[in-house]
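Engineer: Before I ask anything, here is the structure I am working with.
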Amino acid sequence: MEDSRSKILNASAQLFVKNGFDGTSVRQIAREAGVNIAMISYYFKSKEGVLVDLINQTSNNMQEKTKHIKDLDLEPRERISLLFRTYVDHFVDHDLVSYVFGTELSLNRNQTIVDLILAIISRSNDYIYNCIKACKPDLDDDICRMLPVMVMGMVNKALSTPRAMDIALGNSSFSSQNNNEIRRYLHLFVQDYLDLQLGKAN
């Protein structure tokens, strides 16, 4: 039964990216997942419930991956770098859901979904802000707040518009179809940006 639930979530993420949330029907999700419609109602009640579960699952996974970082025996600057690298890895590994996040925020058609996504972003930004302030107590608050916004905005942009990234880089050896290459590029970008804003780690 749990396998059916996972199939529904995976199929939904792919269809939401392909057709948009409003352009995807429960019948399409059931067909793509290979389950009957009653199974979707049983687990999620509605199509909106599927998306809410996708968002919550992604948020919980991200929190699980990052919660230990603040307790590691590392300099604050190193914790910040590790935190951002972990975020990059998470978004690359969940690129379909990340794309849905961005799309639903830009369309702003379902306030329940938008509020949930914004709450997740707010919690993430608050955590990163506290790490940055521990590293650079004298750093301007506005910069501390904007740093995660700028970095994660770049990550989301790269994942949601990979062809544009190909063109911008002008690098024939780069392939937006290869998640490992995307991961490597984003790690380099994030590290360079952190070095620029916070100085290099000792």
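The values are calculated or read from the model by the stated rules, or taken from the named source; none is laboratory data. Just so it is clear, the structure is predicted and the values come from calculations on it, not from any experiment. Note: ideal-geometry Cβ built from the backbone for every residue, glycine included; neighbour counts use all protein chains shown.
Engineer: Could you please find all residues in the range 82-117 being touching a residue at least 40 places away in the same chain (Cβ under 8 Å), surrounded by fewer than 21 Cβ atoms within 10 Å (Cβ to Cβ) and more than 19 Å from ASN61 (Cα to Cα)?
Structural biologist: THR103, LEU107, ARG109, ASN110, THR112
Engineer: Scanning the range 13-63 for residues that are small (Gly, Ala, Ser) and over 19 Å from ILE117 (Cβ atoms), which turns out farthest from the chain's Cα centre (by Cα)?
Structural biologist: Filtering the range 13-63 down to residues small (Gly, Ala, Ser) leaves 13, 20, 23, 25, 30, 33-34, 38, 41, 46, 49, 59.
Cutting the leftovers down to over 19 Å from ILE117 (Cβ atoms) gives us 25, 30, 33-34, 38, 41.
Numbers: SER25: 24, ALA30: 25, ALA33: 23, GLY34: 27, ALA38: 30, SER41: 26 Å.
Applying the filter and picking the extreme gives ALA38.
Engineer: Within the range 1-14, take every residue that is assigned to a helix (DSSP H, G or I) and farther than 12 Å from VAL50 by Cα and give me the one that is modelled with the lowest pLDDT.
Structural biologist: Looking at residues that are assigned to a helix (DSSP H, G or I) and farther than 12 Å from VAL50 by Cα, I get GLU2.
Engineer: Restricting to the range 118-158, name every residue that is over 25 Å from LYS47 (Cβ atoms), in contact (Cβ under 8 Å) with a residue 40 or more places away in the chain and β-branched (Val, Ile, Thr).
Structural biologist: ILE128, ILE132, ILE143, VAL151, VAL155
Conditions tested, residue by residue: (1) aliphatic (A, V, I, L, M); (2) more than 14 Å from LEU51 (Cα to Cα).
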position	(1), (2)
VAL100	yes, no
GLU104	no, no
ASN110	no, no
ILE117	yes, no
ARG123	no, yes
TYR129	no, yes
ILE132	yes, yes
LYS136	no, yes
ASP141	no, yes
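Engineer: Kindly indicate the residue of the range 15-32 that is among the small types (Gly, Ala, Ser) and outside any helix (DSSP H, G or I) and also modelled with the highest pLDDT among those meeting that condition.
Structural biologist: Taking the range 15-32 first, the residues among the small types (Gly, Ala, Ser) are 20, 23, 25, 30.
Next, only the ones that are outside any helix (DSSP H, G or I) stay: 20, 23, 25.
Working: GLY20: 81, GLY23: 86, SER25: 93.
Ranking the qualifying residues of the range 15-32, first place goes to SER25.
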